[in-house]
Amino acid sequence: MFVVLDDADLERAVKIGVQARLNNAGQVCTAAKRFILHENIADAFLTKFSEAFRQVKIGDPLDESTTLGPLSSKDALDTPKQTRWTRR
């Protein structure tokens, strides 16, 4: 679980949130899968988080432009794409 309050440094929260989600290529039970966002910053966080996620390049770990090494399966690739954000 990853919590972002309304007084958070959004740039830092996004950076750490992406890292938390992709910890060990997202293959560990401790990887952040549920994000709780204060309603005052939710839209801004999601916009920045989505952009940061789009910048992740999955590929050969020996390629210097790669930011995330190989994943365990196609499901591991599709899981972040299928993330749904629910507002309550």
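All of the numbers you see were taken from the coordinates with simple rules; none came from a lab. Keep in mind that what you see is a predicted model, and the values were worked out from it rather than measured. We place every Cβ from the backbone using ideal geometry, glycine too, and count neighbours over all the protein chains shown.
On a full-extension model of 0.36 nm per residue, what is the gain between residue 29 and residue 62, subtracting their alpha-carbon distance, rounded to one decimal in nm?
Extra length available between residue 29 and residue 62 comes to 9.3 nm.
What's the FRET efficiency of residue 50 with residue 75 using the Cβ-Cβ distance as r and R₀ = 22 Å, to the nearest 0.05?
0.60
If you take the square roots of the eigenvalues of the alpha-carbon gyration tensor of the chain and sort them as a ≥ b ≥ c, do you get rounded (a/c under 1.5), prolate (a/b over b/c) or oblate?
prolate
Once you charge only the Cβ atoms, +1 for Lys and Arg and -1 for Asp and Glu, what is the size of the charge dipole of segment 2-81 about its Cα centre, to the nearest 20 debye?
Dipole magnitude for segment 2-81 comes out near 240 debye.
Give the angle, between 0 and 90 degrees and rounded to the nearest 10, that separates the Cα long axis of helix 42-54 from the longest principal axis of the Cα atoms of the chain.
Taking Cα atoms only, the helix is inclined about 10 degrees.
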